[in-house]
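Reviewing the structure listed below.
The values are calculated or read from the model by the stated rules, or taken from the named source; none is laboratory data. Just so it is clear, the model here is predicted, and its values are computed rather than measured. Methodologically, a virtual Cβ is constructed for each residue, glycine included, from the backbone with ideal geometry; neighbour enumeration extends over all protein chains shown. Ligands, DNA and RNA are excluded from the accessible area calculation, which covers all protein heavy atoms including side chains. Shrake-Rupley method; radii C 1.70, N 1.55, O 1.52, S 1.80 Å.
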Amino acid sequence: MKMVNQVKFTFMSRSVNESFARAALAAFLAQADPTVPQLADIKTAVSEAVTNCIVHAYPQQVGQITLTAALYEKGLVRITVSDRGVGIEDIAKAMEPMYTSGDPDERAGLGFAVMQSFMDKVKVSSTPGRGTRVTMSKRLEEKQ
């Protein structure tokens with residue numbers, strides 16, 4: 001499928017940048033004319049992916065997060081959120097609802113479940129000590 005447009009930006013893993021990532025992505029996606037619910041779904045999934053990087057990838061330091069968004073023909077949106085943090089030892093376990101590697105009093109362990117519920121496809125690849133890449137895709141339905 002042919003790519004129509006793409007954007008890539010890198011920002012620090014500070015919690016204040018989560019809202020920046022959502023807003024910048026929304027501005028980029030506006031050209032695809034998504035519906036309000038479609039845009040809300042994508043922004044929520046990206047928020048979870050970025051928050052995972054902030055909380056889990058760099059637990060004791062600040063690092064870089066890279067977000068890449070691409071628009072393809074026929075309304076396909078593909079978003080990748082990646083870091084060079086601690087990585088995930090067991091991806092299948094990390095993707096189980098209610099599992100968290102953080103403080104269970106502060107974290108619900110639903111980040112990947114939320115991403116999966118709002119996007120058509122979520123793929124996670126990770127190498128301990130080298131980082132994680134979350135790729136999400138969603139096909140925008142045509143407005144009626």
Here's a check for you: in region 127-144, which residue that is open to solvent by 30 Å² or more (accessible area, probe 1.4 Å) and assigned to a strand (DSSP E or B) is farthest from THR68 (Cα to Cα)?
THR127
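Could you say which residue among LEU25, LEU29, LEU39 is surrounded by 18 or more Cβ atoms within 10 Å (Cβ to Cβ), closer than 24 Å to GLY131 by Cβ and at pLDDT 95 or above?
Just one listed residue meets the conditions, LEU25.
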Name every residue in region 1-20 that is in contact with a helix residue (DSSP H, G or I) (Cβ under 8 Å, 6 or more places away or on another chain) and without any contact (Cβ under 8 Å) to a residue 60 or more places away in the chain, in order of residue number.
PHE9, PHE11, ARG14, SER15, ASN17, GLU18
Sole exception among (1) part of a strand (DSSP E or B); (2) surrounded by fewer than 16 Cβ atoms within 10 Å (Cβ to Cβ) for PHE11, by number
(2)
Which pairs turn up if I take residues in region 30-57 that are more than 19 Å from SER126 (Cβ to Cβ) and in contact (Cβ under 8 Å) with a residue 40 or more places away in the chain and look for partners that are in a helix (DSSP H, G or I) and of a type in the set (Phe, Trp, Tyr) with beta carbon separation below 6 Å, at least 6 apart in sequence or on another chain?
ASP41/PHE118; THR44/PHE118
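To keep it simple, each residue is scored yes or no on (1) open to solvent by 70 Å² or more (accessible area, probe 1.4 Å); (2) at pLDDT below 85.
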{"position": "GLN64", "(1), (2)": "yes, no"}
{"position": "ALA69", "(1), (2)": "no, no"}
{"position": "ASP90", "(1), (2)": "yes, yes"}
{"position": "ALA94", "(1), (2)": "no, yes"}
{"position": "MET115", "(1), (2)": "no, yes"}
